[in-house]
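Take a look at the structure below.
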Amino acid sequence: MSAVEERTSGNGYVGQAMRRREDPRFITGRGIYVDDIARPGTLHMAVVRSPEAHARLVSVDTSAALERADTVGVFTGEDLDLEGPLPMAWVPPGVEVNTPEHWPLARGKVGYVGQAVAVVVGTDKYAVVDAAEDVVVEYDPLPVVVDMEKALEDGAPLVHEEFGSNRSHEWTLAGGDVEQGFAEADVVLEQRIVNHRTAGAAIEPRGAIAEWHGDRATLYSATQIPHILRLQLAVMLGIAEDRIRVIAPDVGGAFGTKLNVYGEEALVMWLARKLNRPVRWTETRSENMATTIHGRDQIDYVKLGAKRDGTLTAIHTRVLQDCGAYFQLLTPYIPCFTAFVMSGPYRIPNVKTDITGVFTNKFATDATRGAGRPEATHLIEVMMDQLAVELDMDRLELRRKNFIPKEDFPAEVALGVIYDSGDYHGTLDKLLGHVDLDEFRREQAELREKGIHRGIGFSTYVEICGLAPSRAVGPTALGLQAAFYESAVVRVHPSGAVTVFSGASPHGQGLDTSLAQITADRIGASPDQVEVVHGDTSSGPWGWGTYGSRSLSVGGEAVARAALKVQDKAKRICAALLEAAPEDIEVSGDKFQVRGSPDKSMTLADIAGAAYIPPEELPTDIEPGLEETSFYDPENFVWPFGAHACIVDVDAETGKVDVVRYVAVDDCGKAINPMLIDGQVHGGITHGLAQALFEQVVYDDEGQLVTGTFVDYAMPTASDVPSYETDRQETPSPVNSLGVKGVGEAGTIASSPTVVNAVIDALRPLGVDYIDMPLTPMRVWQAIHGDGPARTEQGKDLDEHGQGAAGSGPAAPSEGGGA
């Protein structure tokens with residue numbers, strides 16, 4: 001065993017399937033969320049939102065609202081004296097990005113339904129809602145554009161006239177020579193693929209409460225990024241950053257939607273300072289659906305080339321990204337992630353992605369679980385199935401033929417990025433150990449004779465996560481105005497109790513448990529001794545937050561490194577007191593002992609006592625205390641991967657899809673806690689399956705949000721999904737000492753093409769070879785019974801709601817609630 005392996009091998013807590021230590025308080029109702037926090041004298045804020053998708057503001061009459069006894073104040077964009085608008089953090093070198101000013105309250109015009117026009121502040125949370133309805137706003141409507149392809153046509157209404165175009169930016173990532181690759185191809189397939197707009201729909205909507213004490217402020221916010229939020233609010237308010245404390249208490253889900261700086265957070269801060277009283281705002285569900293960032297909303301024009309033997313030669317994708325009317329923190333950057341994983345787990349020598357951002361009169365898109373990577377995986381995996389049919393080749397053999405072999409890792413792909421480790425054949429082989437394909441095909445044939453259309457779909461994926469090496473994506477590289485290290489402090493108290501301060505700020509991932517396991521594993525403690533503190537900018541060092549599956553691969557590694565520093569110091573103290581050499585001290589279970597002499601040992605509490613009250617035997621060159629800090633900036637991304645399979649039954653008479661079975665084999669490197677991995681995979685699969693079959697954010701032609709409540713926005717229930725079957729293999733990442741990769745987004749990235757490919761497999765005998773998501777009963781029925789073109793270019797022949805001419809066959813079923 002090497003010295004490094006010995007120091008990081010731990011005492012057995014890493015790798016255990018331990019129950020989440022957070023759960024008792026959550027399931028007994030003792031969690032503390034923003035809306036549970038009460039501050040004396042709190043005022044309530046309600047937002048007056050635009051019913052128009054695009055209009056000039058003619059006047060705002062606040063007089064009736066001000067006459068109400070419970071109203072303390074009404075404010076408009078003209079009153080708001082912030083130093084700057086909401087931030088957008090991507091400034092790519094050499095690329096012009098048209099960035100409109102996005103203020104917390106509209107100035108002069110509105111660009112989407114739900115845009116904040118005014119705020120009402122009062123003493124009663126219900127009365128301010130009534131008062132907001134008394135604010136009379138006169139609008140001068142302007143032409144609306146919601147279709148991103150139409151927005152790019154000559155003569156289309158301009159969302160921002162000052163730019164002279166609805167193009168926000170253009171960006172290209174390429175490797176190899178795609179034209180040469182297509183020239184060498186025997187077969188070239190082209191497909192237009194719509195990856196439609198979705199909502200994060202976290203169980204807890206956003207919320208914020210701000211209060212000032214003199215020139216210092218505290219903001220409680222349901223956020224994934226407390227430190228980033230503090231920095232940006234300081235800039236907007238024009239004050240020193242150390243004057244603001246941001247606290248993220250328990251956060252009831254986020255999925256990327258709370259990875260942002262929102263106007264309402266700035267408003268409660270500004271109002272609390274102006275009125276010298278705490279101000280609270282809690283989002284309603286309809287506000288959440290309209291004005292919390294949406295995800296996806298890409299149209300991908302894909303071109304894939306291959307030899308007759310199945311060897312891939314080139315892929316070129318033209319990505320259109322609907323950015324909405326204004327940017328949020330990372331809006332125009334999200335499709336870049338699509339480009340980074342365009343070739344998936346395959347050796348494709350020539351790759352090119354051309355991205356065009358488009359303004360429309362909708363709310364902004366931004367990072368939602370997977371952020372660009374589900375879109376890439378969906379398009380390449382759908383195209384691999386299409387190519388297999390064209391070549392009359394088994395679709396799994398086509399994948400195997402093009403997998404990057406495990407002996408090639410670390411593997412540099414055409415784009416110049418380096419996949420850290422992988423065994424793609426291994427995950428697929430393990431998947432097929434759970435799925436008997438011969439038996440499935442026999443059963444499929446028998447069911448078809450009975451009129452039941454059963455299909456099986458596959459997806460083999462690779463993901464870029466562990467955001468990110470600062471030098472790879474920072475200001476001088478890809479232009480993100482940030483660094484992406486993570487921080488941790490491990491403090492052992494005189495009694496032997498341990499506190500970990502982490503810059504990672506969870507929203508449901510179970511970090512209290514996993515970070516305690518990592519720490520205990522390295523310092524001879526039990527996880528029960530370890531308290532994990534996060535989400536408070538006044539506790540611990542600067543942290544960049546939780547997103548991009550970085551909580552363990554970056555945040556956990558920072559904790560591990562700080563814990564190893566504590567271990568090293570503890571060994572020095574132990575060695576001095578036991579008259580041994582530090583290199584002869586080992587961690588064994590719950591004690592530090594002399595190697596080969598277990599009777600000569602000390603507990604962590606013994607060592608901590610000596611660290612804080614040094615005995616005479618302790619050398620003076622050992623500083624008092626037992627506390628260490630680490631900042632970790634990764635050398636590379638980490639690249640999880642896996643193979644998923646889904647079996648579905650399709651009712652040809654109604655178009656309804658039933659998911660019969662779902663099997664997932666994922667490789668996220670070394671497992672810290674297998675139970676947490678399973679939980680993340682279950683949630684991720686459901687997220688992607690929901691997009692494939694149920695969920696869709698829809699605006700009508702006038703820019704009105706049609707899916708503004710859960711009555712209209714269909715999400716799956718427990719009865720709509722099977723009991724998932726999960727397995728994993730462990731291919732450690734060489735990037736960090738833990739060997740971990742990310743898993744929070746993996747299920748979402750893999751599942752939508754798995755489900756879609758299963759439905760198409762079921763329907764190919766009926767002449768259906770492609771349908772755009774979501775595969776609602778109407779869309780599936782139309783594909784089966786409609787005229788020819790609807791079967792292959794569904795996204796063009798049906799409108800945004802999946803409606804279209806019924807064609808031949810029985811009467812079309814109603815769309816219904818996604819059942």
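The values are calculated or read from the model by the stated rules, or taken from the named source; none is laboratory data. These figures come from a predicted structure and were not determined experimentally. Every residue, glycine among them, receives a Cβ derived from its backbone with ideal geometry; neighbour counts consider all protein chains shown. Note: accessible area is taken over every heavy atom of the protein model, side chains too, but ligands, DNA and RNA are not part of it. Shrake-Rupley method; radii C 1.70, N 1.55, O 1.52, S 1.80 Å.
Sorting TYR33, TYR220, TYR326 by solvent-accessible area of protein heavy atoms yields TYR33, TYR220, TYR326, largest first, with a 1.4 Å probe.
For the stretch 641-760, the relative contact order works out to 41 percent when only alpha carbon pairs closer than 8 Å and six or more residues apart are counted. Per-residue Karplus couplings for the stretch 173-187, computed as 6.51 cos²θ - 1.76 cosθ + 1.60 with θ equal to phi - 60°, are listed in order as 10, 8, x, x, 10, 5, 5, 5, x, 6, 5, 7, 6, 8, 9 Hz, Gly and Pro entered as x.
Restricting to bridges with both residues inside the stretch 637-762, how much of the DSSP beta-bridge set is antiparallel, in percent to the nearest 5? Of all bridge pairs located within the stretch 637-762, approximately 75 percent are antiparallel. Backbone geometry of the stretch 194-208 corresponds, through the Karplus equation with coefficients 6.51, -1.76 and 1.60 at θ = phi - 60°, to 3J(HN,Hα) couplings of 9, 10, 6, 6, 9, 10, x, 6, 4, 4, 9, x, 5, x, 7 Hz, x marking Gly and Pro. Annotation: lysines with alpha-carbon distance below 19 angstrom to LYS258 (same-chain offsets under eight excluded): LYS362. The shape of the chain comes out oblate: with a ≥ b ≥ c from the C-alpha gyration tensor, a/c is at least 1.5 while a/b does not beat b/c. Find the centroid of the Cα atoms in the stretch 25-103 and in the stretch 428-479, then give the distance between the two in whole Å. Cα centroid of the stretch 25-103 versus Cα centroid of the stretch 428-479: 41 Å apart. Bridgeable aspartates and glutamates around LYS109 (alpha carbons under 17 Å apart, same-chain partners fewer than 8 residues away excluded): GLU52, ASP61, GLU78, ASP79, GLU101, GLU138, ASP140, GLU161, GLU162, GLU702. Every helix of 4 or more DSSP H residues in the chain counts as -39500 (n - 2.57), and over all residues that averages to -8000 deg cm²/dmol at 222 nm. Take every pair of alpha-carbon atoms less than 8 Å apart whose residues are at least six positions apart; their mean separation over the length of the stretch 1-139 yields a relative contact order of 38 percent. Within straight-line reach of LYS406, meaning a Cα separation under 30 Å, sit the following lysines at least 8 residues removed in sequence or on another chain: LYS303, LYS307, LYS352, LYS430, LYS670, LYS741. Electrostatic tally near MET675: other residues with Cβ closer than 13 Å to its Cβ, Lys and Arg +1, Asp and Glu -1, net +1.
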